[in-house]
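Worksheet for the structure shown next.
The values are calculated or read from the model by the stated rules, or taken from the named source; none is laboratory data. Values in this document were obtained by computation on a predicted structure and should not be read as measured data. Don't worry about glycine lacking a Cβ; one is built from the backbone with ideal geometry, like all the others, and counts go over all protein chains shown.
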């Protein structure tokens, strides 16, 4: 994985020193809260309902064991012994004290991590496919380009005060596991005339105005990508609305202006930038790519996993094999999803002990690599198939052996009203109730993505859940709107709202009604919930829910 | 009726105005104001100027049995009692090495 150069190390160190001084001045009363707030937000420090919350960037969701041990150490030393992995592939700590944050940032810098640009109206942490560099269906490993985007966007002086926050996602595979069409810019690898470049999508997003991104260019070569991104950002920075934060994202600009005109303006800007200083030389791309070279896979690794035999021995292990392994590009290897969705637990949370144990698994079995997925799970990307059983047994010991990846209990849920100052309703208890209700039957339902947000800001991606749940507050009561048919993949779709909200207690029953429609009317056991919904339309689901 | 609340600067802990420049974590001890009491805005402005409690606001409460102060908004109940999930409870002022109040 990438290692900091002198520039990276210097700017992270300098920022840590600056923030340490700013905290001292704040405590001494030399800075008011109004002066301090933007400074702390630039360093990922929010004030939530109960305490400060520190959001730490995990660049494109990639970690090594040393970094994961450090995250565990921070949880243990400065927080309450756990961290929360997020849909932005980051980690959040919910209980740090203000005067400890400079020390936390110093400790993060020791392992080449920071919290810069995890908040504010700037380009946020670039996200990608959690199986990048390992997936069997990849055209190209997107991480070198993601790293180059990280370098370009870090402390970019022109883009530090954009109209609103800006999120970029990138995938090197044709199957989109990074939700690129729901980002301000989405990049998807593409082949043209034997060359690999990037399809560029712009103007996607969730929040109060969910939109599927539109394709602005079907092929941008590597060498032109930064210039093209800069051209998009310049057009957005110039025309994006600053008078209304709810209309400030680029999706609104694209929607109101039209993709054709936006494309014209971007192309005009790009013509000015092309072949300039932002042109990416192949030798620089090659240099960055060496950091992401494939690990030394064993050529003779055993390529057989006897799932049927294991099913006879241990049903839970068989379920784990079926759900939590992802096909690797290297014969004899697999990627393992470590579900942070044990039934009844908080989605995305991991204790310090669990983080330490997972770090050791990565060191021993996965070439020291770990990934954070936008679905709030962790991934061991490069595991020998012959090691899977040993890893499973170790996961059992730490309570993280749930074989539920992609099933109904593998729920994305934002922190919701239990923690978040913006939330209107709780998300976590709803996720726990759903998981408890359906865990025993989840294999019957097959792939089913449930996503829960505690407010319209949609951090829980409810718009793109096969079943989405949005918490709202009405006259002091939490109500939950249910949507069906959302899809975060390359077939991107925003879910349909079925009708009025239901109370939290009623949510599991409501889902049961939807699932009954699916089970009764699916063509066969191989037709997934989402396909059945697309075939049947919303009417039978609406009828089941509201009569 | 209203009480004044905010988050203590160093710990971020939820605190309530007890009166006479005192703040603490117990909603029951919060000074209660009538809805339109003019001093609420003055006290909020004074606390903002002092700047040791942030995210200041006046929240509606109810008094029951002449004793118990309650807030009907779930948001405020969670602020007063901690997350409804897990066993983490609230942030405590005593957890900070130094508390600004």
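Would you confirm whether any residue within the range B:34-51 is within 11 Å of another protein chain (Cβ to nearest Cβ) and in contact with a helix residue (DSSP H, G or I) (Cβ under 7 Å, 6 or more places away or on another chain)? Checking the range B:34-51: at least one residue is within 11 Å of another protein chain (Cβ to nearest Cβ) and in contact with a helix residue (DSSP H, G or I) (Cβ under 7 Å, 6 or more places away or on another chain).
The conditions of being more than 7 Å from chain A (Cβ to nearest Cβ), in contact with a strand residue (DSSP E or B) (Cβ under 6 Å, 6 or more places away or on another chain) and modelled with pLDDT under 95 are met by residue B:29.
Against the condition touching a helix residue (DSSP H, G or I) at 6+ places or on another chain (Cβ under 8 Å) and within 11 Å of chain B (Cβ to nearest Cβ), how does residue A:437 come out, does it pass? Here the answer is no, as residue A:437 does not meet what is asked.
So in the range A:1-47, with the set limited to residues that are without any contact (Cβ under 8 Å) to a residue 24 or more places away in the chain and more than 14 Å from chain B (Cβ to nearest Cβ), which one is surrounded by the fewest Cβ atoms within 10 Å (Cβ to Cβ)? In this case the residue turns out to be A:6. Among A:147, A:110, which is away from every other protein chain (no Cβ under 14 Å) and under 17 Å from residue A:13 (Cα atoms)? After ruling out the rest, the residue left standing is A:110. Within the set A:146, A:173, A:135, the sole residue that is surrounded by fewer than 24 Cβ atoms within 10 Å (Cβ to Cβ) and either in the same structural domain as residue A:366 (by TED's automatic domain parsing) or under 25 Å from residue A:211 (Cα atoms) (or both) turns out to be A:173. Working only within the range A:203-241, note down all residues that are part of a strand (DSSP E or B) and touching a helix residue (DSSP H, G or I) at 6+ places or on another chain (Cβ under 6 Å). Matches in the range A:203-241: A:205, A:211, A:214, A:216, A:220.
Restricted to strands (runs of 3 or more DSSP E) entirely inside the range A:429-491, those with at least 3 residues that are at pLDDT 95 or above and over 15 Å from residue A:375 (Cα atoms) are A:467-474, A:477-484. Taken over the range A:383-428, the residue count meeting the criterion of being under 24 Å from the mean Cα position of the chain (by Cα), part of a strand (DSSP E or B) and away from chain B (no Cβ under 14 Å) is 2. For the range A:302-331, a residue qualifies if it is assigned to a loop (DSSP other than H, G, I, E, B) and surrounded by fewer than 17 Cβ atoms within 10 Å (Cβ to Cβ), and the qualifying residues are A:302, A:303, A:304, A:305, A:306, A:314, A:331. Of all residues in the range B:32-82, exactly one satisfies the criterion of being closer than 13 Å to residue B:17 by Cα, assigned to a loop (DSSP other than H, G, I, E, B) and more than 12 Å from the chain's Cα centre (by Cα), namely B:52. Of all residues in the range A:55-94, those that are under 29 Å from residue A:183 (Cα atoms), within 14 Å of chain B (Cβ to nearest Cβ) and either assigned to a helix (DSSP H, G or I) or out of contact with any helix residue (DSSP H, G or I) (no Cβ under 6 Å at 6 or more places or on another chain) (or both) total 4. Exactly one residue out of B:84, B:71 is modelled with pLDDT under 90, surrounded by 11 or more Cβ atoms within 10 Å (Cβ to Cβ) and within 14 Å of another protein chain (Cβ to nearest Cβ), and it is B:71.
Residues that are farther than 14 Å from residue A:325 by Cα and in contact with a strand residue (DSSP E or B) (Cβ under 8 Å, 6 or more places away or on another chain) within the range A:294-311 comprise A:295, A:297, A:298, A:301, A:302, listed in sequence order. Filtering the range B:52-68 to residues that are within 14 Å of chain A (Cβ to nearest Cβ) and farther than 20 Å from residue A:51 by Cα leaves B:60, B:61, B:62.
Evaluate the range B:6-18: report whether one residue or more is surrounded by fewer than 17 Cβ atoms within 10 Å (Cβ to Cβ), over 14 Å from the mean Cα position of the chain (by Cα) and assigned to a loop (DSSP other than H, G, I, E, B). No, because not a single residue in the range B:6-18 is surrounded by fewer than 17 Cβ atoms within 10 Å (Cβ to Cβ), over 14 Å from the mean Cα position of the chain (by Cα) and assigned to a loop (DSSP other than H, G, I, E, B). Restricting the range A:492-511 to residues that are in contact (Cβ under 8 Å) with a residue 60 or more places away in the chain and assigned to a loop (DSSP other than H, G, I, E, B) leaves a set whose member that is nearest to the chain's Cα centre (by Cα) is A:492. Filtering A:281, A:296 for residues that are loosely packed, with under 11 Cβ neighbours inside 10 Å and at pLDDT 95 or above leaves a single hit, A:296. Restrict the check to the range A:527-534 and report whether at least one residue is in a helix (DSSP H, G or I) and under 17 Å from residue A:414 (Cα atoms). Looking through the range A:527-534, none of the residues is in a helix (DSSP H, G or I) and under 17 Å from residue A:414 (Cα atoms).
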